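Computed from the coordinates by the stated procedures, all read-outs in this text should not be read as laboratory data. These numbers come from a predicted model, not from an experiment. As a convention, Cβ positions derive from the backbone with ideal geometry for all residues, glycine included, and neighbour counts pool all protein chains shown.
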Amino acid sequence: MATETVFGKIVSGEIPVEILAETERVIAFPDMNPQAAVHVLVIPKSTEYQNVVELAAGDPETLAEMIAVAQRLADELAEGEFRLIFNTGEGAGQTVFHVHAHVLAGAFKEHSLV
Ligand code: 5GP
């Protein structure tokens, strides 16, 4: 079983967040430290996958659902165009080891890659 992360606690409801989108397999909520006018995190409800490479290999349908949710959020909250970032590994800036997509849209903080 994967080590519990802060996102596992968000999925279980232990840490409350504002849910911006929810599907059978995915939830989305605002990043607590936004780097753009729109900065939403899209995560699978499953706690099984630490990063996007593992998710793509093990459950590509959920990855596709995360990307579809990202587009829907960008349509609703911005002009429909967005950056999608998956930090993968500590050296790349990943701090939470429950796969998550950063969806960024609107005005960006200069130089920020999240
Ligand atoms: P990473 O650096 O792992 O790609 O991104 C983790 C992101 O999760 C960071 O941008 C951080 O601000 C966000 N984050 C960490 N803990 C929480 C939390 O408890 N609530 C919310 N809404 N965002 C969080």
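General remarks:
- Where labels lie 7 Å past Cα in the beta-carbon direction, separation of Ala68 and Thr95 in nm: 3.2
- Sequence ranges 9-19, 69-79, 52-62, 38-48, ranked by mean other-Cβ count within 10 angstrom, highest first: 38-48, 69-79, 52-62, 9-19
- Taking Cα atoms only, the orientation of helix 60-77 departs from the longest principal axis of the chain by about 30 degrees.
- Modelled label positions at Glu24 and Leu84, each set 7 Å beyond Cα in the direction of Cβ, lie 2.0 nm from each other.
- Cα gyration tensor category, rounded, prolate or oblate, for the stretch 6-108 with a/c compared to 1.5: rounded
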